[in-house]
Each structure stands twice: as structure tokens, then as C-alpha cells.
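Structure first, commentary second.
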Amino acid sequence: MSPRPPWWGSTPADVLVIDAPTIGPGAARARVLRAWEPGSTLHLLPDGRWALRLAVGRLWRAESAPGLPLGRDADGRLRWTWHGVAHQAALDELPRVPLVGWVDLAALPVERLVPLERAVAPEAKIVATPSPPAVDLSRLARVGRDSRATAVAAELARRSAEAQGRGRGGRGRQESGGAVPRRNRLAELVLRSPTGGLVTRRHARYLRELTEDFERRNFDAALRRAIALTGDGGRLSLRMPAPRAGRLSPRTGPQGPGRALGVGGATVDGHLRALYQQAAERLEADARVEEAAFVHADLLGSVADAVRLLERHEQPALAATLAQERGLPVETAVRLWWRAGERERAIDLARSRGAFAAAVGRLPAEDRAAWRREWVAFCRATSDPAGAVRAAWPEPGLRDEVRSDLASACALGGADAAEMFALAVTHMPGDGAVEAADGLLRRPVTDDAPSRLRFVETLGAWVVTDPAADRRLTAQALRLLVREPRLLSDLTGPDRKRLVNALAGRADPLAAADLPRPVVPPNRPGVAPSVTVAGAGQIPVLDAAITSAGVLLALGDHGVRLAGPAGQTLARWDVPAHQVVLADHGAAALLAVRGDALTEFYRLDLVTRRVGRWLTLRLQRTASSFGGAGLLACDSRGIVLLDTTSSGAARELWRQRLGPWEVVVDLARSPSQFAAVIRADGSGELPPGLHLWRWTSTDMLLRGRDIVELPLAPVTSTALSAAGQLVTVHASTDGAGSVVRRQYPYGGAAMSQPVAEPIQAVAGGAEWGFASQTPRGLLVQGDRAGVIGLAGNPWEVLLPGAGSAGLRVGPQRVTVWAPDGRVVALDTATGRVLARFVTSA
């Protein structure tokens with residue numbers, strides 16, 4: 001098999017790979033126990049992950065499986081890819097994970113029961129139940145004897161005998177691991193009752209008639225009566241399947257659950273699957289394309305096969321609709337819409353999902369320049385000049401068209417500006433640009449190590465158009481790496497080697513020969529940044545966000561400011577703002593002005609320093625960041641993604657509908673995923689309680705959901721991360737400390753950790769932090785010693801005299817502010833303080 005893991009869609013697998021080092025042993029054990037069945041074994045992979053081998057393979061959805069589904073080769077060997085390297089091993093040769101210590105029974109009291117009188121064991125009587133005659137499906141269907149039909153008949157006979165045994169009070173078969181779904185319990189009880197035999201015979205008759213229709217190629221009747229197959233057996237139903245009406249074409253809406261019959265098992269499922277696959281092949285051969293696609297998508301559950309079939313037979317529009325609505329990767333739908341001539345629809349889908357980069361490699365070579373032009377236009381509409389340059393740069397004919405974007409991106413500063421300057425030098429190596437680049441490479445590295453590394457990496461990736469300038473600058477870059485080898489410490493070993501070899505291969509040969517190879521010093525533990533800001537400011541701060549251009553402050557009725565590292569005003573806008581919704585690329589923001597029921601939004605472009613009114617919307621909650629083109633928010637109908645490039649009206653790009661009494665109480669977002677906590681009263685589709693859901697941003701698919709379990713102790717604070725981790729802080733039983741509890745949206749067991757002093761969870765957008773009142777003042781922390789599950793370098797901010805604090809966590813950057821006007825911004829990767837000040841009038 002191919003070592004590439006199935007990251008999306010459905011796939012048959014009998015091995016689940018569970019990443020125990022990442023999610024922790026507790027959550028990993030919960031996943032193993034949830035999927036365990038008699039005959040399963042648990043093995044340890046060389047990289048520390050667990051491989052759960054199931055007794056019987058099944059069809060898994062990759063995004064909802066307890067682990068990564070993998071199949072084995074015909075020889076029983078398991079193949080997988082880890083960190084870009086392909087591995088293989090015989091599963092039986094891998095060591096077993098010990099299960100003995102998973103259940104601790106030491107604390108349970110043992111009571112030994114002594115019989116009062118020893119009863120005489122009754123003699124067991126063996127009653128031979130005559131086996132029913134075998135059902136010959138071949139004779140009933142008037143076709144030749146088939147080994148598959150014989151196996152199905154034997155399975156039906158076995159189940160009939162079991163039903164009779166249950167009717168007489170016998171045990172019947174035992175359920176294999178896992179709880180029976182709630183909606184199947186009534187059907188299971190009926191099948192175990194004396195009337196179960198009647199239901200079994202009706203289903204057996206249906207199966208015989210369906211087999212006869214397929215064997216006689218009466219596909220219209222057979223497909224209308226056929227049941228959909230699912231990996232978990234589907235929903236057990238006692239009623240006969242109702243015939244389908246209308247056109248036999250693949251459904252483009254959400255696919256409902258399959259159905260399971262009251263007869264058979266794996267044998268009947270395999271028999272139906274073989275019938276469906278054979279029917280799909282015959283329908284395709286007869287040019288009945290839509291019916292064949294219906295079989296693949298709706299009966300077999302293989303949407304990818306249906307899309308490929310439609311594409312082979314020149315039906316890209318239906319294939320694109322199917323791919324978009326049934327959860328295939330968004331770049332597949334974009335490519336198909338483009339091929340179908342629906343270019344506006346392809347562009348609109350790419351805009352709403354941020355899929356320009358993913359789709360460009362799937363398009364024909366002759367269309368990629370046009371696609372990149374649309375990508376550039378999208379980046380310009382979202383005020384992302386650096387993104388526009390990156391979109392156009394691989395196409396040499398487009399580089400001159402983005403010169404203005406290149407200049408705008410350089411003006412923002414930061415690592416992105418260093419990358420843009422390197423691209424400008426490679427494309428336009430004038431004397432002034434080459435001298436400036438040479439001076440940059442010669443200067444000692446102080447606090448601009450990330451920017452300097454980005455410049456060198458970009459120079460190594462793109463060749464300067466002037467060969468003499470290219471030799472000069474690459475030689476200077478090599479000297480810089482030899483002089484400052486710590487610049488390479490953030491790169492992996494292969495990336496370091498690739499960069500050094502690329503520079504050495506283009507540098508002046510004599511200079512490259514004389515220079516030694518850079519020796520990277522070992523990484524030392526990062527120093528935890530600890531900052532104290534004493535004294536309140538003069539203007540209250542409602543929200544703050546660190547950008548490449550400075551710290552953006554929402555000051556309520558005092559307007560909006562862009563402040564420098566020491567608090568100096570770099571720009572000012574007389575627009576009231578209560579919240580800053582920062583774009584992921586950092587070059588634009590939405591400013592929210594909240595009223596009693598309405599929220600007014602302004603668009604701010606940090607490149608041109610222009611602000612303009614966008615829309616006034618009735619929203620209940622807004623995420624703290626957005627993707628540049630889509631604003632994630634909550635209203636009375638659920639969760640919605642709004643097109644921020646539209647004017648005059650709010651255009652919905654996506655919506656998760658909720659019932660009238662299902663309310664979103666928390667929302668967290670990052671560039672790759674988002675999560676929500678939903679409160680339901682039970683009057684709608686959701687059961688009563690709190691629900692934790694998580695989606696991925698690229699395809700907007702729901703990837704995990706669970707019901708929040710809270711202890712009896714009162715909740716003092718909560719915080720939600722974009723990965724769907726919900727942290728709740730509870731008062732300890734003695735009232736002197738706190739208990740931190742964390743829950744995931746994929747059904748794992750919640751983990752709790754006691755903390756000695758009272759603390760509060762502080763939501764930070766993508767992640768969270770903790771705040772506690774100490775004798776020195778309010779202490780806000782990230783990776784807190786003794787608190788479970790916080791990743792990244794530790795940091796802390798002390799705000800003496802402050803009563804509360806706000807937090808915004810981004811990629812390697814943290815912004816902390818107090819409502820009384822104190823602001824701190826930190827680089828968690830280097831421990832550097834990016835800004836520290838109090839506001840002034």
C-alpha cells in the first residue's frame with residue numbers, strides 16, 4: 001500500500017495509530033478503550049505512538065476515528081510515514097503495550113462470600129435444536145450457483161437459529177466491545193424477542209429479492225431499494241427500506257447514516273458490497289454515469305470514487321458539487337469548478353476557504369498564471385501586501401505587477417519585511433539595493449535574529465538576477481552564518497544543510513572554500529520572560545494586539561491607536577472601538593463598536609493607515625481574529641462566516657445552524673481551526689447541557705464534538721482554545737486553592753489538576769493563560785508550573801494593583817493588557833519584550 005496516510009475521507013482499516021506522546025497517556029488510554037473489541041492487540045511503534053490492531057477491519061472516517069486509520073499489506077506489514085520518512089514493520093514483531101496497570105483495584109474492598117449450604121449442581125440437559133434448511137439464493141434468483149450467495153445463505157441460517165434460541169430464553173450471541181447506540185436498543189430488544197424471527201425472515205426475503213434484481217441487471221428497481229453501507233453497520237431498522245423516488249443521481253447534500261438489516265453480519269455486508277461494486281462497473285460500461293456515481297457515493301460511501309468517475313466522463317460540474325458538498329478537500333472542488341468553466345465559483349470557493357495556495361498545484365500549467373492573478377487580487381482586497389507578493393512571485397511574468405505590494409510590505413517591518421526586501425534584491429539588484437543588502441548581512445545580529453534568518457532563507461531560495469551580485473550576497477550570507485551560527489538553531493538538520501549548501505553552491509568559489517561550515521551550538525532552555533508594569537495608565541484599554549507595525553489599541557470612545565514599543569503614538573484614528581479583530585496576516589484589522597444589540601464594524605488598513613466603515617450587524621459574539629476575508633461570529637441562528645470583502649450587505653460564506661434555544665457561550669479561533677461551546681436546553685436536536693465542538697478552517701468540517709462534563713464544584717472561570725480544549729477552574733473543597741480541569745472535543749476523559757492558590761483562566765483567542773492575585777500583584781502566566789497541558793516557553797507578566805487583565809495569544813506572540821492602561825507584548829520564542837508601556841493622554 002502507499003505509505004501516505006488517509007488524512008480525509010473514509011478508508012478501510014484494521015489498525016489505528018494513536019499519538020500517545022502528544023495527547024498524553026490518559027487520553028490515549030480512553031481512545032484505546034473506546035475502540036477496543038475482543039481479539040484486539042496494542043503495540044508500540046518505534047516513534048513512541050501506539051498501534052491498536054482490531055480483530056476485524058472496518059470503514060473509518062479519518063476525521064472522527066479515535067486514531068489514524070491504516071491498513072496492512074497482503075503480507076501483514078504495516079507502512080506509515082513519520083516526519084517525512086517512510087517506515088514499515090511487521091505488526092506481530094512490534095512490542096506489546098502492557099495493559100496490566102491500566103486498572104488499579106488495590107483500593108477496592110474485597111468481600112469473600114461463603115455459601116450457607118452447598119447446593120448440588122443440577123445436571124445440564126443438552127437439547128439439540130434442528131438446523132433449518134439452507135437457503136439457496138442461487139435457485140431462488142434463477143441464476144448459477146455462486147459461492148458468495150452460498151455464504152450469505154449460511155449466515156442467514158445461523159442468524160435464524162440464534163433468533164429461535166433467543167426466543168426460547170437462550171443467550172444468543174454476545175455483543176463485541178462498545179456500547180450499543182441508543183437508537184438501536186429497541187431494535188435489538190425486538191430481535192431478541194419471540195417476534196425477532198418474523199423480522200429476520202422479512203429481511204431475508206428482502207435480501208433475496210434485492211440479489212435477484214442485481215443479478216438480472218434490473219438496476220432501476222435494485223438501486224431504488226438498495227440500502228447504503230457504512231463502516232459501523234449503520235442504523236439498525238426493523239422496517240423494510242422504502243423505495244427511492246425521483247432521479248438516481250448522487251446526493252449533493254449531507255449524507256445520512258446507513259441502515260443495517262436484522263440478518264447477517266460481515267458476510268451479508270460483503271455480499272452487498274460486491275453486488276454494488278459489480279453494478280457500478282456495469283453501469284459505467286453502459287454509459288449510465290450518474291447511476292454509477294450514485295452507487296459509489298450513496299451506497300458504497302466512496303465519494304472520491306464517484307468524483308473521479310464523473311470527471312472521467314466529462315461531468316466536472318456535478319463532480320465539483322459532489323466534492324464541495326460531501327467533504328472532499330476544497331482544492332478538489334476548486335479545480336473541478338475551474339475545469340467546468342465556473343471560474344467565478346471556483347474563485348469564490350477559494351476566497352471563502354483560503355484555498356488559493358492549495359489549489360494552484362492542482363490546476364493545469366496554462367491556467368496557473370491566471371489563478372495567481374486572482375490570488376493577488378484577493379490578497380489586495382484583504383490588505384495583505386506580503387501575501388500578494390508571495391502569490392505572484394513563482395510566476396516570473398507577474399513579479400513586476402506586484403512592485404507596489406512589495407514596497408508596502410517592506411514598510412510594515414518585521415520578518416515579513418525582511419523577506420520582501422530579499423525578494424526585491426533578487427529581482428531588481430540595483431547598486432543601492434545590493435549595497436543595502438550587503439550592509440545588512442555585515443551588521444552584528446542584536447535583537448533582529450528572526451528577521452535576519454528570514455532574509456538569508458529567502459536569499460537561499462531565490463537566485464539574484466545579476467550573477468555578480470548573487471555571488472557577492474551569498475558569500476556574505478555564508479559569512480554571517482559562520483559568524484552567527486545561532487541563527488540556524490531554529491531550523492531542522494535537513495533545512496540547515498539545504499540552506500548552507502544552496503548558499504555555498506552560488507557563492508564565490510574562493511570565499512566558499514575558505515569558510516568553515518557553520519557549527520550550530522546546542523539549544524539552551526529558553527529564558528522565561530518576566531515583565532512587571534507598575535502604575536496605571538491615563539486611558540483605559542479595552543483590547544490590544546501586537547502587529548509588525550506596532551501595538552494596536554482599542555480605547556473605547558478615545559479611538560484607536562497604533563503604539564510603538566515604548567508607547568509612543570505612531571498613528572491615531574478617531575473611531576470608537578471596543579474590540580480589535582486582527583487579520584491573520586497582521587496587515588489589517590476590523591474594529592468593533594458594540595451597542596446594546598448591534599455591532600458596528602470599521603475596516604483598518606495598516607499599510608495605507610486608512611479606516612472606513614464596513615457594516616452594522618446584529619451579532620452576539622465575534623472571534624478575536626479573522627482570515628482576512630471571512631469573519632467568524634455568532635448570531636441568533638448559529639455560527640456564521642461573513643465575507644469581509646463584501647459591501648452593502650453581509651454575505652454568508654458558511655453557517656452552522658443551531659436551534660432557537662441552542663446558544664454559543666464561547667468561541668475561539670486560530671488560522672487552522674476553531675471551536676465553540678454551545679448551551680442547549682434539550683428542546684432542539686441537541687440534548688440538554690454544554691456541548692464542545694471543533695471545526696477545521698480549511699474545509700469548515702466539524703471534526704470533533706462532545707458533551708462537557710462538569711463536577712459539582714462551582715466554576716469560577718473558563719477559557720476555550722481554538723483546538724477545542726476547554727479549561728474550567730473550580731474552587732477546591734477546602735476553599736484555599738483551585739482545581740483546573742481540561743476537556744477535549746473527541747470524547748477523551750477530562751483531566752484535573754489541583755493548584756495550591758486560587759487562580760482564574762484567561763481566554764486569549766487561540767490559546768489561554770492563567771491569572772492569580774499574589775502579594776506582589778496580579779500575575780498573568782502562560783506555561784504555569786503545576787498546571788497541565790500548556791505548551792510553549794513559559795512567560796509571566798506582573799501587574800501590581802490591577803484587578804483584571806486581558807490576553808491575546810498568537811503564533812509565538814503574546815499581548816497582555818490591563819483595563820487601567822498597562823500593555824505588554826512578548827515574543828515567546830525568544831523571550832524578548834516587544835512592547836511595555838502605560839497609556840497617556
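Each reported figure results from applying straightforward, stated rules to the coordinates on display, with no laboratory input. Quick caveat, the model's predicted, so the values are computed rather than measured. Cβ atoms come from the backbone with ideal geometry, glycine included; neighbour counts cover every protein chain shown.
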- [ ] Can you figure out the FRET efficiency of Ala274 with Ser64, using R₀ = 25 Å and their beta-carbon distance, to the nearest 0.05?
- [x] 0.45
- [ ] Please give the peptides 15-21, 366-372 ranked by average Cβ packing (other Cβ atoms within 10 Å per residue), highest first, as a rough proxy for protection.
- [x] 15-21, 366-372
Open item on the list: For Cα pairs less than 8 Å apart in space and 6+ apart in sequence, what is the mean separation divided by the residue count of the range 10-101, i.e. the relative contact order in percent?
Closed with: 35
Task: Distance (nanometres) between label positions extended 7 Å along Cα→Cβ at Ala245 and Leu33 - done: 4.9
Open item on the list: Treating only the Cβ of Lys, Arg, Asp and Glu as charged (+1, +1, -1, -1), what charge dipole size does the range 10-101 show about its Cα centre? Round to the nearest 20 debye.
Closed with: 220
TODO: Quickly rank 209-217, 89-97, 820-828 as a protection proxy: mean count of other C-beta atoms within 10 Å, highest first.
DONE: 820-828, 209-217, 89-97
Open item on the list: Using square roots of five times the C-alpha gyration tensor eigenvalues, list the equivalent-ellipsoid semi-axes of the range 413-524 in whole Å, biggest first.
Closed with: 20, 17, 12
Open item on the list: Using 0.36 nm times the number of residues separating Gln812 and Ala649, minus their current alpha carbon distance, what extension gain do you get?
Closed with: 55.1 nm
Open item on the list: Tell me which GluC sites (Glu not before Pro) from the range 278-357 have a DSSP coil assignment and no more than 14 other beta carbons within 10 Å of their own.
Closed with: Glu314
Open item on the list: Testing the spin-label approximation: label points 7 Å from Cα along Cα→Cβ at Arg443 and Met751. State their distance in nm.
Closed with: 4.4
Task: Distribution of pairwise C-alpha distances over the range 530-838, 20 Å bins, in % - done: 33, 60, 8
- [ ] Quickly work out the Gln773-to-Ala381 label distance, labels modelled 7 Å from Cα along the C-beta direction, and quote it in nm with one decimal.
- [x] 5.1
Open item on the list: Between Asp574 and Leu44, what's the calculated FRET efficiency when r is the beta-carbon distance and R0 is 51 Å? Round to 0.05.
Closed with: 0.20
Open item on the list: With every atom except the alpha carbons ignored, what do you get for Rg and Dmax of the range 10-101, in angstroms?
Closed with: 12.3, 34
- [ ] Could you please tell me the mean projected area of the C-alpha convex hull for the range 518-598, averaged over all directions and given in square nanometres to one decimal?
- [x] 9.0
Open item on the list: For a quick check of your reading of the filter: which trypsin sites (Lys or Arg not before Pro) in the range 644-725 sit in a DSSP loop and have no more than 16 other Cβ atoms within 10 Å?
Closed with: Arg651
- [ ] Using R₀ = 35 Å, calculate the FRET efficiency as 1/(1 + (r/R₀)^6) where r is the Cβ-Cβ separation of Leu598 and Asp367; round to 0.05.
- [x] 0.20
- [ ] Grab the Cα-Cα distance for Ser489 and Val100, subtract it from 0.36 nm times how many residues apart they are, and report the gain in nm with one decimal.
- [x] 135.9 nm
